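Working notes, beginning with the structure itself.
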Amino acid sequence: MTLGREVRSWRLHTRSDLSFVQLARRINPVVAGWVNYYGRFRPWEMNPVLRRINAYLVRWIRRKYERLAPKRKAIAKLQEIEKRYPRMFAHWRVTMAISVV
């Protein structure tokens, strides 16, 4: 299974029952392993997968919080969280800024 398919199979955007911290606890061990393994020799090839994770997080925010349903507001909220807690998700340590597809 490719990394993209693995991320898709998590169905993060449908888990509005979980908190942001619970999402981080759920995916961080796997993503940290990918970053350590694949990112050592070809870190630029990890960028599409990491952007996909961020896109799913934006979709999660839009689904969980009705007032953040507009995409711009959800992206702004994710950027605010990333600025406040830069080590919450393992892939945020690698990517300098949140980029969403």
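The values are calculated or read from the model by the stated rules, or taken from the named source; none is laboratory data. Here the structure is a predicted model, which is why all the values come from computation and not from measurement. FYI the Cβ positions are ideal-geometry reconstructions off the backbone, even for glycines, and counts take in every protein chain you see.
Residues in segment 5-19 that are basic (Lys, Arg) and in contact with a helix residue (DSSP H, G or I) (Cβ under 9 Å, 6 or more places away or on another chain): 8, 11, 15. Sort out which residues of segment 1-51 are polar (S, T, N, Q), under 20 Å from residue 85 (Cβ atoms) and out of contact with any Lys or Arg (no Cβ under 7 Å at 6 or more places or on another chain), and write them in order of number. Once the filter is applied, which keeps residues that are polar (S, T, N, Q), under 20 Å from residue 85 (Cβ atoms) and out of contact with any Lys or Arg (no Cβ under 7 Å at 6 or more places or on another chain), segment 1-51 yields 19, 22, 28. Checking each residue of segment 15-33 against the condition of being in contact (Cβ under 8 Å) with a residue 12 or more places away in the chain and hydroxyl-bearing (Ser, Thr, Tyr) gives at least one match. Reported count of residues in segment 42-101, each being over 18 Å from residue 20 (Cβ atoms), modelled with pLDDT under 95 and not in a helix (DSSP H, G or I), is 6.
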